[in-house]
Every structure is written in C-alpha cells, then in structure tokens.
C-alpha cells in the first residue's frame with residue numbers, strides 16, 4: 001500500500017517534493033497558530049467574569065486579570081486606557097497577524113506550484129507527441145498527462161484545507177479582538193473617564 005502511494009506521488013515528477021514541503025509548512029504553521037490562540041496565553045475567559053473583575057481587579061485571575069490591572073492602573077483619562085488596550089492588542093495579536101499573512105501566501109502558492117507541475121507535464125506530453133513513434137509515444141503522452149493531473153490535484157488538495165485553516169485562525173483572532181474591545185468598553189464605563 002505504501003509503495004503504491006509513493007509510486008503515485010512520484011509519478012507527479014520533481015514538483016511533488018516542493019509541494020510536500022509546502023504542505024508541511026502550511027499545516028505546521030496553521031496548527032501552531034491555532035494552538036497558540038486556543039491554549040496559549042490568550043485565554044480570556046467568560047464575559048460574566050469580566051464585569052466582576054473590572055469592578056474588582058484584585059479578584060481577577062489569569063490573562064484577563066493581568067490585562068484589567070494593567071489597563072486600569074493609574075489611569076486618569078480614557079485615552080490612557082485606550083492606549084493601553086491597543087498595546088495589549090499589539091502584544092497579543094501582532095505576531096499572529098504577521099504569521100497569518102505568511103500562511104495565506106503559502107496557501108496561495110500551492111495551486112501555483114501545482115500549475116507549474118501541470119505545465120511541465122504538458123511539455124512532456126507535447127514532446128512525446130512530436131516523436132510520434134507508436135507505443136512509445138503513447139507511454140510518454142500518458143506519463144506526461146498523469147504528471148500534469150497529479151500535480152494540479154495535489155496543489156488543490158493542499159490549498160483547500162489550508163484556506164479553512166487560515167479562516168479558523170482569522171476567526172479566533174477576531175474573537176480575541178472582540179473580547180478585548182468588550183473588556184475595554186466595560187473598563188471605560190466603570191472608570192467614567194473622558
């Protein structure tokens with residue numbers, strides 16, 4: 001079974017090796033980002049807790065507690081609180097935003113790499129047709145078409161789950177941004193600063 005899979009994979013030509021490396025980069029980066037956003041130090045808890053913690057920062061715990069205490073400490077104007085929340089957003093999400101751009105670039109490269117394999121396979125097909133030597137020509141044409149189709153299919157199979165992975169990362173990132181905005185709003189309401 002493994003030999004058959006390897007045989008099919010290698011029938012796509014040398015372009016399959018960069019496609020494999022590209023797939024490994026896409027999925028490892030995407031999963032790393034998801035794990036950071038879900039289990040890393042970005043756990044923000046529930047909104048019902050935030051309200052109590054904003055009004056009593058000493059009881060706040062975890063990452064949200066640190067954020068609430070930092071943003072409220074010695075705050076004398078609403079712009080101070082807003083600036084501190086912007087610092088928090090940047091410290092938490094800046095690297096994720098940069099990595100998301102890189103992930104999207106890698107995902108976009110997968111179909112293009114598959115297209116490169118398609119062009120190479122079609123060139124082999126046309127070379128076989130130009131020789132026109134009977135059964136040998138049929139074998140060369142079949143191999144060229146097989147190479148063209150396998151690389152295109154592989155590029156798409158790599159890109160489609162990669163798109164969904166990037167969307168999951170973006171969705172989680174927006175949820176964190178919304179949670180921080182809500183905590184900021186509660187804090188500004190509590191502090192009644194202008």
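Listing for the model above:
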| item | result |
| --- | --- |
| Cβ-Cβ under 8 Å pairs, at least 6 apart or on other chains, region 60-72 side free of Cβ contacts under 8 Å to residues at least 24 places away in the same chain and at negative phi, far side surrounded by fewer than 16 Cβ atoms within 10 Å (Cβ to Cβ) and outside any helix (DSSP H, G or I) | 63/41; 63/43 |
| Any hit, region 58-75, residues being in a loop (DSSP other than H, G, I, E, B) and either modelled with pLDDT of 80 or more or closer than 30 Å to residue 145 by Cα (or both) | yes |
| Residue in region 127-134 that is part of a helix (DSSP H, G or I), touching a helix residue (DSSP H, G or I) at 6+ places or on another chain (Cβ under 8 Å) and in contact (Cβ under 8 Å) with a residue 24 or more places away in the chain present | no |
| The one condition in (1) part of a helix (DSSP H, G or I); (2) at pLDDT below 85; (3) closer than 15 Å to residue 169 by Cα that residue 31 fails to fulfil | (2) |
| Test: residue in region 34-54 that is over 16 Å from residue 180 (Cβ atoms) and over 17 Å from the mean Cα position of the chain (by Cα) | yes |
| Residues of region 21-46 satisfying the condition of being in contact with a helix residue (DSSP H, G or I) (Cβ under 9 Å, 6 or more places away or on another chain) and exposed (fewer than 14 other Cβ atoms within 10 Å of the Cβ) | 31, 38, 41, 43 |
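Conditions (1) touching a helix residue (DSSP H, G or I) at 6+ places or on another chain (Cβ under 8 Å); (2) within 30 Å of residue 192 (Cα to Cα); (3) buried (at least 16 other Cβ atoms within 10 Å of the Cβ), marked per residue:
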{"site": "57", "(1), (2), (3)": "yes, yes, yes"}
{"site": "65", "(1), (2), (3)": "yes, yes, yes"}
{"site": "112", "(1), (2), (3)": "yes, no, no"}
{"site": "118", "(1), (2), (3)": "yes, no, yes"}
{"site": "121", "(1), (2), (3)": "yes, no, yes"}
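The values are calculated or read from the model by the stated rules, or taken from the named source; none is laboratory data. All values reported here derive from a predicted model rather than from experimental measurement. Cβ: placed from backbone, ideal geometry, glycine included. Neighbour counts: every protein chain shown.
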